[in-house]
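Only one structure is covered here, and it is reproduced in the block below.
The values are calculated or read from the model by the stated rules, or taken from the named source; none is laboratory data. Predicted model, so just to flag it, every value in this text is computed and none were measured. Positions of Cβ are generated from backbone atoms using ideal geometry, with glycine treated the same way; all protein chains shown enter the neighbour counts. Just so you know, the surface numbers come from the protein's heavy atoms only, side chains and all, with ligands and any DNA or RNA stripped out. Shrake-Rupley method; radii C 1.70, N 1.55, O 1.52, S 1.80 Å.
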Amino acid sequence: MTALLPQIAYCHLSQVTVVGAGNVGSTLAQRILERDLANVILLDVVEGRPQGIALDLMQSRGCEGHNRTILGTNDYAETADSDIVVITAGLPRRPGMSRDDLMQVNGQIVIETVQQALTYSPHACIIVVTNPLDVMTYLAWKVSGLPPYRVMGMAGVLDSARFQTFIAMELGVPPGDVSAMVLGGHGDLMVPLPKYSTVSGIPVTELIPDARLQELIERTRNGGAEIVQFLKQGGAYYAPASATGVMVESILLGQSRILPVAAYLEGQYGLEDLFLGVPCRVGKKGIEAILELSLTAEEAAALKRSAQSVKGNVNAALATLL
Ligand code: TXD
């Protein structure tokens, strides 16, 4: 075979490490590969799991028509020089386990994974997916030593995608025509913004009566719980993986898209020293800008309530974990 041209042989291929080869992590790995975004290193504590998933995904490359590679490992040394590290590692809540217990357990896991991953990829951008999201993102940033714009949490893109879906279903239009915006903390704490949610540029408030819109907002708020009720064990993972993939893509391709992500606030929206979902420009450097929208008094109050709850949990986690 003729030798490759030097510029092809030496061009930098992006690499994403996904920590946690569970449902979200392995589905995200698949999305990244099949969208031809980057090579993937999939890491998990469980021996054999990331290796098995990686081999399975390697064997699908010919059918899927891409040449990206994936390596499954239990060793952080193999994650070296990653451009992005996505943290999906964590334990699900078990019967008898409180949210606080879960926060302690997952907090320890997130702290350990960030420290280990950054030893080998000190300049990576970090995307946190593990719940409770806003608290875990704060812990990840705190132990990373990275500037805040290199660390972000995934929740708003998922919550907005759910709102987008329900609006599209309601109106019988393609979801691609719907642009939805959800701020605030993840889950019960989210703050959907109908005023900034549009269908081909038309505010959704012009198209759906208020009472019905409130029902769609409520369904969005319970978007995760509705799926858990069906599945009984485990939670949603296809849409969470898609939403994380959107963030990975915007960073790797330098798209500078405006996405709602959990970002470190330093006075924006009158809030500081916490990670909370706000619209950001997400590109090559990570969070390139935080956009401050004008909110109604009601929306501002909801965002504040969300922030207070997140901050209380962060303080509790900091007191015991760091
Ligand atoms: O919107 C969002 N942010 C979320 C968050 C949407 C969906 C899921 N969300 C949370 O992501 C969920 O509550 C969990 O905290 C994570 C991962 O969810 P997933 O559904 O993928 O959980 P799994 O299938 O239980 O996978 C977790 C994996 C599993 O393979 C464990 O072995 C692994 O994490 N794990 C670890 N990997 C590496 N290192 C350590 N220490 C570790 N501990 C567990």
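Quick grid of which residues meet (1) over 17 Å from T244 (Cβ atoms); (2) open to solvent by 10 Å² or more (accessible area, probe 1.4 Å):
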{"position": "N131", "(1), (2)": "no, yes"}
{"position": "M136", "(1), (2)": "no, no"}
{"position": "G145", "(1), (2)": "yes, yes"}
{"position": "Y149", "(1), (2)": "yes, yes"}
{"position": "M152", "(1), (2)": "no, no"}
{"position": "L189", "(1), (2)": "yes, yes"}
{"position": "S197", "(1), (2)": "yes, no"}
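Read through the list (1) more than 30 Å from A38 (Cα to Cα); (2) open to solvent by 60 Å² or more (accessible area, probe 1.4 Å), then give the number of the only condition that K284 fails. Every listed condition holds for K284 apart from (1). Only one of the numbered conditions (1) surrounded by 19 or more Cβ atoms within 10 Å (Cβ to Cβ); (2) within 16 Å of the ligand (Cβ to nearest atom); (3) under 19 Å from A168 (Cα atoms) is violated by Y238, and that is (1).
Looking only at residues that are within 11 Å of the ligand (Cβ to nearest atom), aliphatic (A, V, I, L, M) and part of a loop (DSSP other than H, G, I, E, B) in region 65-119, which one is surrounded by the fewest Cβ atoms within 10 Å (Cβ to Cβ)? Checked region 65-119; the qualifying residue surrounded by the fewest Cβ atoms within 10 Å (Cβ to Cβ) is L91.
Of the residues screened, L295 is one that is at pLDDT 95 or above, buried (at least 16 other Cβ atoms within 10 Å of the Cβ), assigned to a loop (DSSP other than H, G, I, E, B) and not hydroxyl-bearing (S, T, Y). Test T220 against the criterion of being of a type in the set (V, I, T), at pLDDT 95 or above and open to solvent by less than 10 Å² (accessible area, probe 1.4 Å), and give yes or no. Against the criterion (of a type in the set (V, I, T), at pLDDT 95 or above and open to solvent by less than 10 Å² (accessible area, probe 1.4 Å)), T220 qualifies.
Filter region 38-63 down to residues that are touching a residue at least 12 places away in the same chain (Cβ under 8 Å) and among the acidic types (D, E) and give me whichever is most open to solvent (accessible area, probe 1.4 Å). Only one residue fits best here, namely E47. Suppose the filter is on the phi > 0 side of the Ramachandran plot and either of a type outside the set (G, A, S) or assigned to a strand (DSSP E or B) (or both); does D56 pass it? Taking the combined requirement at face value, the residue does not satisfy it.
Before we move on, is V178 under 30 Å from S26 (Cβ atoms) and within 15 Å of the ligand (Cβ to nearest atom)? In short, no.
Among the residues of region 276-322, write down those that are without any contact (Cβ under 8 Å) to a residue 24 or more places away in the chain and of a type outside the set (A, V, I, L, M). Across region 276-322, the qualifying residues are S294, E298, Q308, G312, N315. Any idea which residue in region 120-144 is farthest from the ligand (Cβ to nearest atom), counting only those that are outside any helix (DSSP H, G or I) and under 21 Å from V310 (Cα atoms)? The residue in question is I126. Within region 22-31, the presence of at least one residue that is more than 12 Å from the ligand (Cβ to nearest atom), assigned by TED's automatic domain parsing to the domain that holds T113 and open to solvent by less than 70 Å² (accessible area, probe 1.4 Å) is confirmed. How about region 253-270: which of its residues are of a type in the set (A, V, I, L, M, F, W, C), farther than 21 Å from S197 by Cα and open to solvent by 20 Å² or more (accessible area, probe 1.4 Å)? Selection gives L253 alone.
Look at (1) open to solvent by 60 Å² or more (accessible area, probe 1.4 Å); (2) in a strand (DSSP E or B) and you find that Q233 fails only one, number (2).
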